[in-house]
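Read through the structure below, which is laid out as structure tokens, and then see the notes.
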Amino acid sequence: MTRAYAPSDAGGPHPHLSLDIEKRVHAFSLHVRLEAGPGVLVLFGASGAGKTTVLNTIAGLARPDRGEILVNGRVFFRRGRPPSPVDLPARLRRVGYVMQDYALFPHMTAAENIAFALRNTADRETKARALLDRVSMAHLADRRPHQLSGGQQQRVAIARALAGDTHVLLLDEPFAAVDAPVRERLQRDLRALQRELDLIVLLVTHRLEDAFAVGDRIAVLHAGRIQQEGPIEDVFRRPASRGVAEIMGIGNLVHARVADVGPVTTLDWDGLRLEAPADPSLTPGASITAHIRPDDVKIVYPDRPAGPQVSHNVLDAVIVGVRQSANARILRVRLPNGHDIEVRFPLLSYAPLSLEAGEPVRIALRREGIIALGSSADLRHGN
Amino acid sequence: MIGDALRLSLLVTVTATVVAGLFGLLLGRLLARQQFAGKTLLETAVLLPLVLPPSVIGYYLLIGMGNRSVLSWAGVDVLFTWPAAAIASAVVGLPLMVQASKAAIAGVNPTLENAARVMGAGEIEVFFRITLPLARRGILAGVLLAGARAFGEFGATLMVAGSIPGRTQTVPLAIYDAVQAGRTADANALVLLTTVLAFTSLLVVRLLEKQPERRDARSPRGETGGPA
């Protein structure tokens, strides 16, 4: 795609979006501050957290009560702060927006959908075909949306969103309506597109797998606030609070007492002794919440010598549940102290072992996988 | 005689349907998409001709068109001409058009309209290229209903246009006249014709309603309409 015009490039060499908004919706108050550059920023949270509203305020479909939204130095919205109020209508903002369920026009073909977004550009038809070609949909240009599969619809929606030569691409749960194998391809293609066009991509999802598959950074939204924002691995490995850990679906929370500090921290979790990495902020006797990363719980082969992966926190447990996600298997195991934790591993791992509910299993908790969480407010109460 | 009444009814009905269609569409969109103070009052007022006696509607129209009205001041004298009959027909057809187009427009997923706005479309383009094509079945049903109602208008027409053969005597008035004068053959022909027309309109409306609008992009229904 050639950029026919680039009105907002004056703001600097790199696309940049900054947003600081407040909005009350009934009894719910949204107060979100975000900065984003080229890359994929995942807005993560449960439904009702206000994720879609954030996208709508950027696109111009929802009006914040006050705040400021800037894209490449251009003011999209400003209210309640100097110099003057601005509220650019949606049609002048022209961000790319792939809405939930894609919102393709049902009375137009794929090509007509894209031609609509191209407005009065010369060679609209040719450009529409070129855009469809870029998402590998040229052969289905004359189909109506209801004649396309979920994945095909998503491709058309992305091509349509890119028609406005945008720097900002917003996507609202784009992978909700597609099956797992298709989803992986779409995710790869989206990543490639982002790099190629140097786009700021803001993607809303409530699924951790999607966040990991496409995200560079993640902003965890809960109760109308960003609870934590950062590189996705960091946020997942070090949730800033127990609330973030819970929102992220990190189930393995441990409420333990610090038994000993030193080169390693020893935790007492209802009678179970766990070794965790040294942490100077902990004092003996303190009660803390920690998180056991499900990926750092290893299963010990009964007939093999213990390697470095399985040298600490070796426990005999019983499998109480087995489930499977798109690319991982998750075991729920009961520990000797009566608590359950989740163990997560790639589908093909531990293939020789029979891992069925009811069977005993020996597990090892890697020290690095036991993370003492910050003492931030517990999100289940207050905030 | 019959030919005159038919020609006049056609003229009156088409004019009334166009007028009621345009105003009804605007009001329907307003009621379906906008929130404003007094919305319920406006909607009630628009529906009033459905339940008011024709003589009351006719009386209001007489006042509106009479020699002390704004129209009269402007030098327009429509009383006892076919335009008066058309206005009376439009007024009684309007509620049906408003109701149908309001429901049809409300049935269009607002997300699609928002998607068009984000792509740079202004309100007029959104209405004509997204809302209208997607609501076309319901709107067409409204046009047919309003047209059928306009064709059958009797009481208010009599009050504002009279029943002047060849000038203001539409089919319903001609039927009354024929019955009064004992011209049974004329009455029979016109009654049969009116019944067939009314039946056909309602049948088409029913068929339109049986296949509702495709509401969203993922509707699994087969292809129905032609290209918009």
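Scanning for something more than 14 Å from every other protein chain (Cβ to nearest Cβ), among the hydrophobic types (A, V, I, L, M, F, W, C), without any contact (Cβ under 8 Å) to a residue 24 or more places away in the chain and surrounded by fewer than 19 Cβ atoms within 10 Å (Cβ to Cβ), does the range B:74-86 turn up at least one residue?
yes
Quick one: which of B:Ala146, B:Ala150, B:Ala174, B:Ala189 is more than 20 Å from the chain's Cα centre (by Cα), within 22 Å of B:Thr81 (Cβ to Cβ) and modelled with pLDDT of 95 or more? Lay out the reasoning, then the answer.
Numbers: B:Ala146 fails: more than 20 Å from the chain's Cα centre (by Cα); B:Ala150 fails: more than 20 Å from the chain's Cα centre (by Cα); B:Ala189 fails: within 22 Å of B:Thr81 (Cβ to Cβ).
Criteria check complete, one pass: B:Ala174.
Quick one: is A:Gln154 free of Cβ contacts under 8 Å to residues at least 60 places away in the same chain, over 25 Å from A:Val54 (Cα atoms), of a type in the set (S, T, N, Q) and within 11 Å of chain B (Cβ to nearest Cβ)?
Details: free of Cβ contacts under 8 Å to residues at least 60 places away in the same chain: yes; over 25 Å from A:Val54 (Cα atoms): no; of a type in the set (S, T, N, Q): yes; within 11 Å of chain B (Cβ to nearest Cβ): yes.
Taking the combined requirement at face value, the residue does not satisfy it.
Please specify each residue of the range B:144-159 satisfying the condition of being in contact with a Gly (Cβ under 6 Å, 6 or more places away or on another chain) and buried (at least 24 other Cβ atoms within 10 Å of the Cβ).
B:Ala146, B:Arg149, B:Ala150, B:Ala156
Of these, A:Thr205, A:Thr126, which one is away from chain B (no Cβ under 14 Å), among the hydroxyl-bearing types (Ser, Thr, Tyr) and more than 17 Å from A:Asn113 (Cβ to Cβ)? Reasoning before the result, please.
Working: A:Thr126 fails: more than 17 Å from A:Asn113 (Cβ to Cβ).
That would be A:Thr205, the only listed residue that is away from chain B (no Cβ under 14 Å), among the hydroxyl-bearing types (Ser, Thr, Tyr) and more than 17 Å from A:Asn113 (Cβ to Cβ).
Having 2 or more residues that are away from chain A (no Cβ under 14 Å) is the bar; report the helices (runs of 4 or more DSSP H) wholly within the range B:114-218 that clear it. Break it down into steps so the answer makes sense when it comes.
Working: elements: B:123-126, B:136-151, B:155-161, B:171-181, B:184-210.
In the range B:114-218, the matching helices (runs of 4 or more DSSP H) lie at B:136-151, B:155-161, B:171-181, B:184-210.
Would you confirm, using the coordinates I've provided, whether A:His107 is within 14 Å of chain B (Cβ to nearest Cβ) and free of Cβ contacts under 8 Å to residues at least 40 places away in the same chain? Step through it out loud before you land on a result.
Working: within 14 Å of chain B (Cβ to nearest Cβ): yes; free of Cβ contacts under 8 Å to residues at least 40 places away in the same chain: yes.
The answer is yes for A:His107.
For the range A:313-344, which residues satisfy the criterion of being farther than 17 Å from A:Ala290 by Cα, buried (at least 16 other Cβ atoms within 10 Å of the Cβ) and in contact with a helix residue (DSSP H, G or I) (Cβ under 7 Å, 6 or more places away or on another chain)?
A:Arg344
Among the residues of the range B:91-113, what is the count of those that are farther than 22 Å from B:Val46 by Cα and part of a helix (DSSP H, G or I)?
4
Go through (1) in contact (Cβ under 8 Å) with a residue 60 or more places away in the chain; (2) part of a loop (DSSP other than H, G, I, E, B); (3) hydrophobic (A, V, I, L, M, F, W, C) for A:Val244 and report which single condition fails.
Checking A:Val244 against (1) in contact (Cβ under 8 Å) with a residue 60 or more places away in the chain; (2) part of a loop (DSSP other than H, G, I, E, B); (3) hydrophobic (A, V, I, L, M, F, W, C), the one that fails is (2).
Among the numbered criteria (1) modelled with pLDDT under 95; (2) touching a strand residue (DSSP E or B) at 6+ places or on another chain (Cβ under 9 Å), which one does B:Asn114 miss?
In the conditions (1) modelled with pLDDT under 95; (2) touching a strand residue (DSSP E or B) at 6+ places or on another chain (Cβ under 9 Å), B:Asn114 misses (1) alone.
What residue, among those in the range A:276-295 that are in contact (Cβ under 8 Å) with a residue 24 or more places away in the chain and more than 30 Å from the chain's Cα centre (by Cα), is nearest to A:Arg367 (Cα to Cα)?
A:Leu282
Got a number for residues in the range A:282-294 being closer than 14 Å to A:Pro239 by Cβ and not in a loop (DSSP other than H, G, I, E, B)?
The first filter runs over the range A:282-294 and keeps only residues closer than 14 Å to A:Pro239 by Cβ, leaving A:288-294.
Going one step further and asking which of them are not in a loop (DSSP other than H, G, I, E, B), we end up with A:288-292, A:294.
Result for the range A:282-294: 6.
Counting only residues that are within 20 Å of B:Val12 (Cβ to Cβ) and of a type in the set (S, T, N, Q), which one in the range B:52-100 is nearest to the chain's Cα centre (by Cα)?
B:Ser89
Looking only at the range A:182-203, how many residues end up being in a strand (DSSP E or B) and in contact with a Gly (Cβ under 8 Å, 6 or more places away or on another chain)?
Pass one, the range A:182-203, residues in a strand (DSSP E or B): A:200-203.
Then drop every residue that is not in contact with a Gly (Cβ under 8 Å, 6 or more places away or on another chain), which leaves A:200-201, A:203.
Of the residues in that region, 3 qualify.
Looking at this structure, is A:Leu41 away from every other protein chain (no Cβ under 14 Å) and at pLDDT 95 or above? It would help to see each step written out before you state the result.
Working: away from every other protein chain (no Cβ under 14 Å): yes; at pLDDT 95 or above: yes.
Answer is yes for this residue.
Of all the residues that make up the range A:212-240, how many are aliphatic (A, V, I, L, M), touching a Leu at 6+ places or on another chain (Cβ under 8 Å) and in a strand (DSSP E or B)?
First, the residues of the range A:212-240 that are aliphatic (A, V, I, L, M): A:213-214, A:218-221, A:223, A:226, A:232, A:235, A:240.
In the following step, the residues that additionally are touching a Leu at 6+ places or on another chain (Cβ under 8 Å) were identified as A:214, A:218-219, A:221, A:223, A:226, A:240.
Of the ones still in play, those that are also in a strand (DSSP E or B) are A:218-219, A:221, A:226.
Within the range A:212-240, residues that are aliphatic (A, V, I, L, M), touching a Leu at 6+ places or on another chain (Cβ under 8 Å) and in a strand (DSSP E or B) number 4.
Scan the range A:2-33 residue by residue and report those that are modelled with pLDDT of 90 or more, among the β-branched types (Val, Ile, Thr) and assigned to a loop (DSSP other than H, G, I, E, B).
Residues satisfying the conditions do not exist here.
The values are calculated or read from the model by the stated rules, or taken from the named source; none is laboratory data. Bear in mind the structure is a predicted one, so any value in this text is a computation, not a measurement. Here Cβ is always computed from backbone atoms with ideal geometry, including for glycine, and neighbour counts include all displayed protein chains.
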